[in-house]
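Engineer: Take a look at the following structure, please.
The values are calculated or read from the model by the stated rules, or taken from the named source; none is laboratory data. All of these numbers come straight from a predicted model, not from anything done at the bench. All Cβ positions, even for glycine, are placed from backbone atoms using ideal geometry, and neighbour counts span all protein chains on display. Accessible surface is based on the protein model in full, side chains and every heavy atom, while ligands, DNA and RNA are left aside. Shrake-Rupley method; radii C 1.70, N 1.55, O 1.52, S 1.80 Å.
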Amino acid sequence: MGRDVELRLGFPGHEVLRRAEIEDGDPVPWDLSSRHAVLGTRVPRQEGADKVTGRAKFTFDVNLPGMLHGRLLGSAHPAARIAGIDTSAAERAPGVRAVEILEDSEVHFAGQPVAAVAADTEEQAEDAIRLIVVEYRPRPFVVTLEDASKADAPPVTRGSNVRDERDQERGDVDALLASSDAVVEATYETQVQTHVPLEPHGIVARWDTADHLTVWCSTQGTFLVRDNLARALGIRHENVRVIAEHVGGGFGSKFGAKPFEVAACRMAQRTGRPVKLMADRKTEHVAMGNRPSSVQHMKAGAMKDGRLTAVILRTSGVVGIAGNARCANPIIYDFQAFRKSESSVQIHAGPSAAQRAPGHPQGVFALDQMVDELACAIEMDPLEFRKRNDRDPVRLAEYEIGAKEIGWGGRRKPAGAGSERVKTGIGMASAQWGGMGRVAEAMVVVHKDGGIEVFNGAQDIGTGTRSAMAVVAAEELGLPPERVLARIGITDWPDGPPSGGSNTAASVLPAVREAAFRARRELAGEIARELGVPEGDVGFEGGKVAIQNWAKGPIEWADACRLMSGERITATARRRDYDAGFKQGVAGCQFAEVEVDTWTGVVRVRKVVAVQDCGHVVNRATVESQIQGGVIQGIAFALFEDRILDRSTGHQLNPNMETYKLPGTLDLPEIVAIPFDVANGYNSASVVGLGEPPVIPTPAAIANAVFNATGKRVRRLPMTPDTVLAALEGER
Ligand code: MOS
């Protein structure tokens with residue numbers, strides 16, 4: 001028997017009422033009527049001290065008795081047939097215990113893993129790799145979009161290099177453009193961004209028996225790794241135990257077990273010894289995934305009153321040997337019609353992969369500059385122009401907050417005015433994302449001594465999942481969050497999602513709340529029985545258990561727990577979705593203030609204001625941290641990062657952290673992270689994803705700020721000094 005409840009959703013000033021059917025045994029989703037003691041406060045990460053003191057063990061830090069060390073051999077050629085591989089010298093080398101061939105017929109990019117060795121020491125493994133003789137028959141290769149698109153280009157894999165053509169159309173584009181007051185046309189380009197997590201991909205594999213495997217893996221999906229390894233090794237899923245208690249970053253490339261990780265398990269199996277095999281930094285750059293490049297041609301129109309009309313987009317980009325280069329653009333502002341065609345171009349380079357908001361930072365780099373250009377063409381304030389074409393109530397409210405914080409009214413007018421050498425400017429852009437959550441389960445255990453554990457088997461890629469779980473359980477049980485110990489990252493525990501699409505929080509936290517709700521009900525029942533009071537009179541608040549009309553006053557939590565009949569109460573729950581909530585997805589906007597040295601072309605970002613919705617703010621500290629991290633990666637994409645492939649050798653010239661430029665602390669501005677709290681109502685905790693959206697608007701906001709400062713458009717990333725100088729010298 002369920003009950004029908006009315007939820008107050010949205011945010012103050014924009015409240016809506018929605019009905020939800022609540023099953024017995026489930027909590028009513030948090031809404032604007034809920035009073036919260038812990039939710040939305042700043043709570044230190046449970047693992048924070050372990051991380052800063054080095055006690056936290058990442059896969060990279062796991063060292064087991066008798067463990068062998070693995071190394072990978074990368075292809076010397078960007079394209080070649082392999083005629084033979086002679087591993088005999090490597091096998092005879094000191095300390096070498098196993099050699100595994102990963103590719104014996106054909107290589108498609110320089111650095112592609114070809115073989116692996118495992119030896120007693122890292123140095124021995126490194127030496128042995130050099131003794132492997134691969135007989136390559138080099139073939140012609142292509143590493144640029146232009147070369148790969150030629151009719152006579154050597155095919156990278158099977159079929160044409162230009163692929164994944166996708167056309168979409170809605171509305172009468174041509175008529176709307178023909179009748180527009182202003183039409184702007186431009187091409188925007190973004191570079192390839194490689195994955196650079198601090199901890200590279202890798203695994204430590206240990207066979208506990210002939211068919212029981214334990215692995216530590218740097219992954220975004222513990223359960224995916226378990227399923228992949230079970231299938232690849234022909235053993236039962238429940239016999240594979242995956243541990244990822246701490247992960248040194250994962251931005252879209254660490255889903256599932258990679259072939260080299262399967263090879264590590266095989267070498268461990270053959271030698272009877274644990275094997276550790278981490279990708280080195282070069283392999284991480286060249287082989288473990290990247291954000292595809294983009295070339296986006298756009299033509300868009302607007303009316304003088306500020307109404308957007310139609311847009312035509314033609315996008316392409318290089319994807320390496322796999323993936324697609326789609327750009328997400330016409331989704332934020334309300335174009336009446338659009339026509340879009342997309343293609344992806346294969347080149348002899350490592351596969352592209354999902355990377356923090358795939359398609360979005362590059363798509364918005366084009367879209368939000370095009371919108372800025374149209375505002376300029378009809379001589380309207382770019383913020384006012386966006387407001388007239390954005391229907392999202394959250395973002396409309398966020399615009400006001402961000403504009404005030406950055407001082408929008410004081411920006412340079414007109415763009416580029418003045419003749420000083422260093423010019424400042426302000427620009428903005430927007431973001432839209434999903435992250436509504438997936439299937440997940442959680443288990444809450446309340447011990448007789450008052451201790452509480454919360455379990456989920458999914459990983460934390462760095463977002464602070466443990467503290468968020470603790471906040472939700474603590475809120476439900478009326479306790480401070482430090483009373484709750486969150487245990488995650490081991491596949492023995494309840495099912496959790498891969499950390500992709502910003503779905504972890506919105507998956508796991510509702511399950512935690514529902515499990516905590518059940519544990520609380522069970523505990524209340526036992527207390528009521530023991531004290532001979534009605535169950536409904538037992539309440540939990542402020543670390544105490546209060547019983548209505550109970551003369552002796554509230555009972556301390558730990559004393560109340562002692563009343564339970566057994567040693568512990570265990571409750572599990574499987575996350576529920578509610579189909580009527582406030583609004584799908586999350587909205588954000590960012591404002592950037594930059595200074596441009598017009599003599600040197602150096603762009604410095606001085607301040608970024610990021611306003612972002614994620615449903616309910618659970619732990620304000622980690623929400624702010626996610627926003628900061630997104631902005632930092634956005635600045636890195638805008639100004640620094642760039643994979644450089646050598647056209648004559650096909651090798652990446654900068655596969656390291658010295659010449660592949662990442663911002664250091666001195667390159668980073670003041671970042672004002674402003675979480676925007678929304679009672680979303682699609683799940684019991686009203687939580688939506690946050691990991692990806694804050695990276696989306698940053699590059700476009702910076703580019704628009706550069707325009708405001710200089711009056712010139714930089715339509716290509718990264719905005720390095722040479723690119724900026726070329727734009728300053730070129731026509732507007
Ligand atoms: Mo994300 S790019 O879905 O890790």
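Engineer: Taking C217 as meeting all but one of (1) touching a helix residue (DSSP H, G or I) at 6+ places or on another chain (Cβ under 7 Å); (2) exposed (fewer than 14 other Cβ atoms within 10 Å of the Cβ); (3) in contact (Cβ under 8 Å) with a residue 60 or more places away in the chain, write down the number of the exception.
Structural biologist: That leaves (2) as the condition not met.
Engineer: If you take the residues in segment 691-732 that are charged (D, E, K, R) and surrounded by fewer than 24 Cβ atoms within 10 Å (Cβ to Cβ), which one is farthest from V184 (Cα to Cα)?
Structural biologist: To start, the set of residues in segment 691-732 that are charged (D, E, K, R) comprises 692, 712-713, 715-716, 722, 729, 731-732.
Filter once more, so that each one left must be surrounded by fewer than 24 Cβ atoms within 10 Å (Cβ to Cβ): 712-713, 715-716, 722, 729, 731-732.
Values: K712: 15, R713: 13, R715: 14, R716: 17, D722: 25, E729: 21, E731: 15, R732: 12 Å.
Here the answer is D722.
Engineer: So which residues in segment 258-277 are without any contact (Cβ under 8 Å) to a residue 60 or more places away in the chain and not in a helix (DSSP H, G or I), if there are any at all?
Structural biologist: If we filter segment 258-277 for residues that are without any contact (Cβ under 8 Å) to a residue 60 or more places away in the chain, which is where we start, we get 258, 262.
Within segment 258-277, K258 is the sole residue that qualifies.
Engineer: Further question: Based on this model, can you work out whether R137 counts as out of contact with any strand residue (DSSP E or B) (no Cβ under 9 Å at 6 or more places or on another chain) and exposed (fewer than 13 other Cβ atoms within 10 Å of the Cβ)? Steps first, please.
Structural biologist: Numbers: out of contact with any strand residue (DSSP E or B) (no Cβ under 9 Å at 6 or more places or on another chain): no; exposed (fewer than 13 other Cβ atoms within 10 Å of the Cβ): yes.
No.
Engineer: Also: Quick one: is S352 hydroxyl-bearing (S, T, Y), buried (at least 24 other Cβ atoms within 10 Å of the Cβ) and within 16 Å of the ligand (Cβ to nearest atom)?
Structural biologist: Values: hydroxyl-bearing (S, T, Y): yes; buried (at least 24 other Cβ atoms within 10 Å of the Cβ): yes; within 16 Å of the ligand (Cβ to nearest atom): yes.
For S352, the condition - hydroxyl-bearing (S, T, Y), buried (at least 24 other Cβ atoms within 10 Å of the Cβ) and within 16 Å of the ligand (Cβ to nearest atom) - is met.
Engineer: Can you report the number of residues in segment 325-383 which are in contact with a His (Cβ under 7 Å, 6 or more places away or on another chain) and either among the polar types (S, T, N, Q) or within 29 Å of G425 (Cβ to Cβ) (or both)?
Structural biologist: Total meeting the criteria: 2.
Engineer: Quick check: anything in segment 270-283 closer than 27 Å to G111 by Cα, open to solvent by 20 Å² or more (accessible area, probe 1.4 Å) and within 16 Å of the ligand (Cβ to nearest atom)?
Structural biologist: no
Engineer: Could you list, in sequence order, the residues of segment 320-349 that are over 25 Å from E146 (Cα atoms) and either within 16 Å of the ligand (Cβ to nearest atom) or in the same structural domain as V714 (by TED's automatic domain parsing) (or both)?
Structural biologist: Within segment 320-349, no residue meets the criteria.
Engineer: Regarding F255, is this residue touching a strand residue (DSSP E or B) at 6+ places or on another chain (Cβ under 8 Å), open to solvent by 10 Å² or more (accessible area, probe 1.4 Å), within 16 Å of the ligand (Cβ to nearest atom) and touching a residue at least 12 places away in the same chain (Cβ under 8 Å)? Walk me through it before giving the result.
Structural biologist: On the way: touching a strand residue (DSSP E or B) at 6+ places or on another chain (Cβ under 8 Å): no; open to solvent by 10 Å² or more (accessible area, probe 1.4 Å): yes; within 16 Å of the ligand (Cβ to nearest atom): yes; touching a residue at least 12 places away in the same chain (Cβ under 8 Å): yes.
For F255, the condition - touching a strand residue (DSSP E or B) at 6+ places or on another chain (Cβ under 8 Å), open to solvent by 10 Å² or more (accessible area, probe 1.4 Å), within 16 Å of the ligand (Cβ to nearest atom) and touching a residue at least 12 places away in the same chain (Cβ under 8 Å) - is not met.
Engineer: For segment 650-692, give me each residue that is among the acidic types (D, E) and more than 16 Å from the ligand (Cβ to nearest atom). If you could, list the steps in order and put the result at the bottom.
Structural biologist: Restricting attention to segment 650-692, the residues satisfying the condition of being among the acidic types (D, E) are 658, 667, 670, 677, 692.
Passing the criteria: E658, D667, E670, D677.
Engineer: Can you pull out the strands (runs of 3 or more DSSP E) entirely within segment 187-255 that have at least 2 residues that are closer than 28 Å to Y660 by Cα and not aromatic (F, W, Y)?
Structural biologist: The qualifying strands (runs of 3 or more DSSP E) are 202-209.
Engineer: Say we look at segment 412-446 and pick out the residues that are closer than 30 Å to T59 by Cβ and not hydrophobic (A, V, I, L, M, F, W, C); which of these is most open to solvent (accessible area, probe 1.4 Å)? Write out each step before concluding.
Structural biologist: Going residue by residue through segment 412-446, those that are closer than 30 Å to T59 by Cβ are 433-445.
Narrowing the set further to residues that are not hydrophobic (A, V, I, L, M, F, W, C) leaves 434-435, 437-438, 441.
On the way: G434: 28, G435: 9, G437: 21, R438: 100, E441: 59 Å².
Restricting to residues being closer than 30 Å to T59 by Cβ and not hydrophobic (A, V, I, L, M, F, W, C), the top hit is R438.
Engineer: Working carefully through the options V508, V484, find the one that is under 19 Å from I452 (Cα atoms), within 16 Å of the ligand (Cβ to nearest atom), at pLDDT 95 or above and surrounded by 16 or more Cβ atoms within 10 Å (Cβ to Cβ). Please lay out each step first, then the result.
Structural biologist: Working: V484 fails: within 16 Å of the ligand (Cβ to nearest atom).
Answer to the selection: V508.
Engineer: Here is a follow-up. Would you please name the residue that is most open to solvent (accessible area, probe 1.4 Å), looking only at residues in segment 32-53 that are aliphatic (A, V, I, L, M) and in a loop (DSSP other than H, G, I, E, B)?
Structural biologist: Narrowing segment 32-53 to residues aliphatic (A, V, I, L, M): 32, 37-39, 43, 49, 52.
Going one step further and asking which of them are in a loop (DSSP other than H, G, I, E, B), we end up with 32, 37-39, 43.
Working: L32: 51, A37: 84, V38: 13, L39: 20, V43: 17 Å².
Ranking the candidates gives A37 first.
Engineer: For the condition hydrophobic (A, V, I, L, M, F, W, C), more than 18 Å from the chain's Cα centre (by Cα) and farther than 22 Å from Q355 by Cβ, what is the one hit in V594, V605, V611? If you could, list the steps in order and put the result at the bottom.
Structural biologist: On the way: V605 fails: farther than 22 Å from Q355 by Cβ; V611 fails: more than 18 Å from the chain's Cα centre (by Cα).
The conditions single out V594.
Engineer: Still on this model: Does T665 satisfy being open to solvent by 50 Å² or more (accessible area, probe 1.4 Å) and in the same structural domain as I401 (by TED's automatic domain parsing)? Please lay out each step first, then the result.
Structural biologist: On the way: open to solvent by 50 Å² or more (accessible area, probe 1.4 Å): yes; in the same structural domain as I401 (by TED's automatic domain parsing): yes.
Considered against the rule, which asks whether it is open to solvent by 50 Å² or more (accessible area, probe 1.4 Å) and in the same structural domain as I401 (by TED's automatic domain parsing), T665 comes out as yes.
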